Every structure is written in C-alpha cells, then in structure tokens.
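Quick notes on the structure that follows.
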Amino acid sequence: MARNGQRLRELSLRDLTVDDGFWNERLRLVTDEMIPYQLDTLMDRVPGAPPSRCVRNLRIAAGLEQGTFEGFVFQDTDLAKWLEAVAYSLTRKPDPALEKTADELIDLVCQAQRADGYLNSYFSTLHPGHQFCNLKEGHELYTAGHFIEAAVAYFEATGKEKLLVAMCRFADLICRVFQSPEYEDAVPGHEEIELALMRLYETTHRERYRAMAYDFINRRGTTDYLSREAEMPRFIDVWHDRNPYIPEYGQAQAPVREQTAAEGHAVRALYLLSGMADAAGSYEDEGLLDACRRLYENVTQRRMYITGGVGSSGTLERFTADFDLPNDSAYAESCASIALAMFSKRMARVTGEARFMDTAELALYNTVLAGVALDGKSFFYVNPLEVTPSFCKPATDKAHVEPRRRKWFGCACCPPNIARTVASVGGYVFFTGDGELRLNLFIGGTYKARLGETPVTVTVQSELPWKGRVSLEVKARECLEGRLLIRIPDYAENPRFTLNGASLDPPVEKGYAVLELTGWSARASFDFDMPARLFYADPRVPADAGKAAVKKGPLVYCLEETDNGETLSGLQIDPEEPLSERFEPALLGGVTVVEARGQRTVWDGGLYSAKPPGRTPATLRLIPYCFWGNREPGEMAVWMRLKC
C-alpha cells in the first residue's frame, strides 16, 4: 500500500478553491454553460437536440404524469450525473437558485423510488414488480451506482441528507437481494455499483456496503450467471439481442485476480478496475492490487492511444487486441477516458506511485476535455485521432466518427459524465496521509488540509500546461513538521526545486520529490523544462508506423485543416528540424501553438501514377488536441508522416 500501509485520502471539494489560469475557464464552463444547458436537455427544452425524456420518465414513474418510458434503459443516469456535477459546482460557486432546482429534482427522484428502496424508471414503468430480472442488459445496478455517487457528492457539498438516505435504502435493498440464495452468484452486467458502494461505505462507514462491493468483485468470472440468465423464467428481454452473451464483453471470462488483459466494453472494464482498486486498498488485498497493476500495464502499454483514449473498436465499444489502435476509426469513448482517470487516481492513492497520476493527467487534459466544445453546448461521444469529414459516412466502419460535436445524443452518457469530471478536477490535486501532503496535479488554488494534526492552508500557483513552473506556500497556525511530496511528471526535464528560497536536490520516492517541512510556514517551487517534442509509437502499432506525434507537457497536439489546408495526409514532418512554440492569446481562448518544418506532397497524376510525387517545403501548425473541432469543420490528424 502507499507507505508503511498508510491510507492516502483526497481532499474534500469543500476544502479547496481552484484558481488556475487554465482550469478556471473549464470550471466556469461547467457552472455557467454546461449545467444550465444539460438541465434544458434533460427537460427536453433544447431545439434540434434529440429528446432526452429523462425527467419525464421519472415523473411518470412517480405517478405525476401519464405516459410511457422513452429512451435507453439507463436514461435515469443522465440526471444522476447532472446532480453530481451540480454538487461539485456548488462547492465552487454557491447558487441558491441552482440548489433549489437540484433539491426539486431530488424530490422527484425520491417520489419515483418505491417503498422497498428500488429506483429505476424503466422497470418501474414498463415492468413493475420485475426488478433485477435482466442484470446482463438491464443496467439497474449501473443506474443505482450513479445515483449513489450523486447522493454522496450532494451530501458532501450541501450537508443535505435526503438523497443520501434514499440511496442508502436502495443500497440496503441491493445488499439483501444479492446476498439471498436466489442471487448468490449474480453479478452486474455493467459495472459501476462496485465503486459506488465503496464510496458509500467511505461516507457512512456501514460495513455491508463495502462487503457487497467486495463480493461483487470476487464473484466476477467465477459464475456463468450472465450467460444463462436469458433462460431463467423471470428474465425480461430488454435489447432483444439474439446473439449469445460474450463473457469477455463483461469482464466475466475469468476471476478478476486471474485476468491478464483488459477485455470487452472499455467503460465497464475501467469502472470495475476502479472498484477493485478501492477494495484492494480498503481490505489491504495484495492479490487484488496485483491484478489491478497487471491490467493497468496492459491498458497503458498496449491498448491506449497517445491521447489517453481507450477502447479502440466501435463494435461493442470495446478493447480489441494489443496494439490495435487505428486512428481514423478510433472509438475512444469519452466515458472510457473518464473511467481511466478514475482508476488511475485510485491506484495512485492506494500505492503512492506517481506514474498513475501521469495517466490520469493525460486522460483529463486530452480526451476528456476534447469531449466538450469551448461553448459547453456540444459534445463528442467518440474521440478519433484522425478525421476526414467526407469519409464519416453511415453504414461504414467510420459511421461513429464525427467531425463536429453534437448538441446531444439519444444515448447521452458522455455529456453529464464530462461535466461531473471537470467539476471535480480539484479532487485530483492533493492527497493527504500520515504527516504528509502529496501534490499530484499542478492546478492553482487554495487548499485546506492537515499535515499530521496541524491544519494548513496551501496556496498553489501554476503555469501549466504552457510552462513548467509551480510554486507553493504552506501556512499553519502552529509549528509545521511533515513532508511535502511533489509529483515529478514523466514529461519534466531538468527538474529544479527550492525550499524557502534555497535550492535543493530532494530525494525521490515512487516518483515524488520529498521536501521536509518545519517551522510556521514554507515556500517551495518546482521548475522544469517541458518543450514540445516528437513522439513515436511502438512498431507493433501499424497505424502509426513511419509517423510522429507532438506532445508538450500533458498536452497532445494535432493538425487541423483550418491551419494547414486540405489533405493532411500529404504533409510530412521533418524530425531533424526543431519545433517552435508561440503562445497566441486570441486563439481558442489562449493556447500555445507548435510549428514544425516539413514538406507537402505535390500530386499531378491520376488516382494512381508511375510518376513519383513532388515535394514542396511546408510549415506545419499544430494546436492542442483538446481544442480541435472548435472552428470550421475539416480534417484533423494527431499522427504525421515522417519526411522521407
């Protein structure tokens, strides 16, 4: 575990105020644009957006409106994630009107809840009395998990218990049902309840929630329940899918401790791994932690895009095989990168290893942020690394690839998931432990914590992601004694530290520089070089052979047609020429642009020609991948061919 078995903890969002040159705008977007816009979509008030019916479904389930359920079986989760985003937003910017709206929607949720604690508008409306009759496809436990997460977040943000009490009743029902003989070998089809029950346990300290999460994890892959469920008399068909169940799709092909590769639906796999990491830390289960490490290595070293995207296939939204990472048909669902960040943060908290935060940061700064437009009102569900708009046609392998973000989706899991994730980014910044503070992400703000028994206030100033400079001031009302650990990211070159004005060469522990603090206050700084650099892929990734990509700090860069003209595939970058950087405050809200020297193909033949192409010098202009698609639609590419 982290260090001598100690437990690392996140700071409560009530104890921090993010004030950061980069993240302030992202957080403002959630509060001022995304939350109001997403409420309007959930209420079916956005012209041109697919109807959500989410709130209407709950009103029908509550008996407040006549009608029938519409949408996906998990439609309720859109509201759950929206409520969670609201909770985090309220800790940053109190808003009585927004809180009142959230309270009213929580009242609606509680009215839709049945007397035994069960909550699900799909089954309550269309199949009353038939709960948990299709775990494979019904998403009841997945939906329950998201409402539990929302309840915990809202309680922590506001102190209001209504939703928390309601979800404890639901969790109690789940514990009773799934410890009964009828369901003793049952597991969720779509994982999420595991991490949610662990989170509920951490808030309520009720052992049955932790035990149920652990039981679900330990059952997985030891039973064929999901494969034979459709033959059971109580089964309610949801998807009308006549294909046989694929155990790998739901990570049920083997017990979790024996699995060697991340398989199946990427979001499900990573939500499961998040719950496994929590349980491994809570139970000090080294075998379970070893499985988490093994699967993390498989994902990040063999099945992850350079952007932090995961789940390469649009068929079943899944992992495929090692090194199968096509760029132009990449799926890389936004929710999957969110789940990767969640899992990586948990692994960093359990192990105390900085490398896991490298992955969380990569996913957050790239694929997660790319999922929302700069106006907060349109979204990407999938995140390709190469786009030619005319190729994105229905009934092709690129039908899921879109050159423009959408106002909303019929299956809208990603937009509210992005909102809750960005709103909670402050929770990634610090961990606290026994007499220590760990700085994980370099996000400016004021953070209240404890160093041992001493309350401290930490002020962080950061110039990331554009410059490698971070400064900290730690203040206390009594004499300090403890350790400040600062993550040294994998992209930091020539790291330099000062403490109270003096340069020092601190020891490094699991990727963190260790600074010993004494006295009433302390000032520290961390400076490093992070120039834009070319990156190359393992040759076993066929899509990237003979190509290079550009990264600067945590940011991956890309070409857009707007800056480089059409036919990006005809550009080649010269790896022998230096990259140049320039901050442009008027572009995309202020970004550092990278320029490279190279050449452009000149073609004057037909479709095919025996005549070799000509070449002309070219300057390639790149912007951060997270901002692509915010101007006129056109081609985009992360990987560039190397100059011959």
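The values are calculated or read from the model by the stated rules, or taken from the named source; none is laboratory data. Keep in mind the model is a prediction, meaning the values are calculated, not measured. We place every Cβ from the backbone using ideal geometry, glycine too, and count neighbours over all the protein chains shown.
When each of PHE343, PHE380, PHE356, PHE409 is tested for being within 27 Å of ARG53 (Cβ to Cβ), buried (at least 21 other Cβ atoms within 10 Å of the Cβ), touching a residue at least 60 places away in the same chain (Cβ under 8 Å) and not charged (D, E, K, R), the lone residue that passes is PHE380.
Considered as a group, the residues in region 65-81 that are touching a residue at least 40 places away in the same chain (Cβ under 8 Å) and surrounded by fewer than 24 Cβ atoms within 10 Å (Cβ to Cβ) include one that is farthest from ARG26 (Cα to Cα), and that residue is THR68.
Selection of region 279-338 for residues being outside any loop (DSSP other than H, G, I, E, B), in contact with a helix residue (DSSP H, G or I) (Cβ under 7 Å, 6 or more places away or on another chain) and of a type in the set (Gly, Ala, Ser) yields ALA279, ALA280, GLY281, SER282, GLY287, ALA291, SER334, ALA336, SER337.
Annotation: of all residues in region 377-423 being of a type in the set (A, V, I, L, M, F, W, C) and outside any loop (DSSP other than H, G, I, E, B), the one that is farthest from the chain's Cα centre (by Cα) is PHE391. Among the residues of region 177-191, those that are within 16 Å of GLY145 (Cα to Cα) and either in a helix (DSSP H, G or I) or out of contact with any Leu (no Cβ under 7 Å at 6 or more places or on another chain) (or both) comprise VAL177, PHE178, HIS190. Within region 154-196, can you find the residues that are without any contact (Cβ under 8 Å) to a residue 12 or more places away in the chain and surrounded by 22 or more Cβ atoms within 10 Å (Cβ to Cβ)? Within region 154-196, none qualify.
If I ask for residues that are under 12 Å from MET530 (Cα atoms) and not acidic (Asp, Glu), which ones from region 461-487 would you list? Passing the criteria: LEU464, PRO465, TRP466, LYS467, GLY468, ARG469. Being closer than 22 Å to VAL73 by Cβ, surrounded by 22 or more Cβ atoms within 10 Å (Cβ to Cβ) and touching a Pro at 6+ places or on another chain (Cβ under 9 Å) is the requirement here; does GLU149 meet it? No. Among the residues of region 251-277, the ones that are assigned to a loop (DSSP other than H, G, I, E, B) and of a type in the set (A, V, I, L, M) come to 4 in all. If only one of ARG219, ARG199, ARG208 is surrounded by 15 or more Cβ atoms within 10 Å (Cβ to Cβ) and within 19 Å of GLU156 (Cα to Cα), which one is it? None of the other options fit; the residue is ARG199.
Could you identify the single residue in ALA524, ALA543, ALA549, ALA537 that is outside the structural domain of TYR625 (by TED's automatic domain parsing) and surrounded by 15 or more Cβ atoms within 10 Å (Cβ to Cβ)?
None of the others qualify; the one that does is ALA524.
The residues of region 452-468 that are at pLDDT 95 or above and either part of a loop (DSSP other than H, G, I, E, B) or within 25 Å of the chain's Cα centre (by Cα) (or both), listed by number, are VAL460, GLN461, SER462, GLU463, LEU464, PRO465, TRP466, LYS467, GLY468.
Quick grid of which residues meet (1) under 21 Å from the mean Cα position of the chain (by Cα); (2) modelled with pLDDT of 95 or more; (3) within 26 Å of THR421 (Cβ to Cβ):
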{"site": "GLN6", "(1), (2), (3)": "no, no, no"}
{"site": "SER12", "(1), (2), (3)": "yes, no, yes"}
{"site": "PHE22", "(1), (2), (3)": "yes, yes, yes"}
{"site": "GLU33", "(1), (2), (3)": "yes, yes, yes"}
{"site": "GLN38", "(1), (2), (3)": "yes, yes, yes"}
{"site": "CYS54", "(1), (2), (3)": "no, yes, yes"}
{"site": "GLN66", "(1), (2), (3)": "no, yes, no"}
{"site": "PHE69", "(1), (2), (3)": "no, yes, no"}
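Taken together, the residues in region 434-451 that are part of a loop (DSSP other than H, G, I, E, B) and surrounded by fewer than 16 Cβ atoms within 10 Å (Cβ to Cβ) amount to 2.
When region 597-618 is limited to residues that are hydrophobic (A, V, I, L, M, F, W, C) and out of contact with any Lys or Arg (no Cβ under 8 Å at 6 or more places or on another chain), the one that is nearest to GLN572 (Cα to Cα) turns out to be TRP603. Output yes when any residue across region 413-436 is basic (Lys, Arg) and touching a helix residue (DSSP H, G or I) at 6+ places or on another chain (Cβ under 8 Å), and no when none is. Yes, that holds for at least one residue. You will find that of ARG257, ARG206, ARG210, the residue that is touching a helix residue (DSSP H, G or I) at 6+ places or on another chain (Cβ under 7 Å), over 19 Å from TYR183 (Cα atoms) and charged (D, E, K, R) is ARG257 and no other. Just so you know, in region 383-406 the residues that are farther than 21 Å from ALA543 by Cβ and touching a Pro at 6+ places or on another chain (Cβ under 9 Å) include one that is surrounded by the most Cβ atoms within 10 Å (Cβ to Cβ), and it is ARG406. Summed over region 294-316, residues that are of a type outside the set (Ser, Thr, Tyr) and out of contact with any Lys or Arg (no Cβ under 9 Å at 6 or more places or on another chain) total 11. List pairs: first in region 7-19 and in contact (Cβ under 8 Å) with a residue 60 or more places away in the chain and of a type in the set (D, E, K, R), second buried (at least 16 other Cβ atoms within 10 Å of the Cβ) and assigned to a loop (DSSP other than H, G, I, E, B), Cβ under 7 Å, 6+ apart or cross-chain? If the second residue must be buried (at least 16 other Cβ atoms within 10 Å of the Cβ) and assigned to a loop (DSSP other than H, G, I, E, B), the pairs left are ASP19/GLY444. Given the structure, is LEU289 aliphatic (A, V, I, L, M) and either over 30 Å from ARG9 (Cβ atoms) or buried (at least 22 other Cβ atoms within 10 Å of the Cβ) (or both)? Judged against the criteria, LEU289 is not a match.
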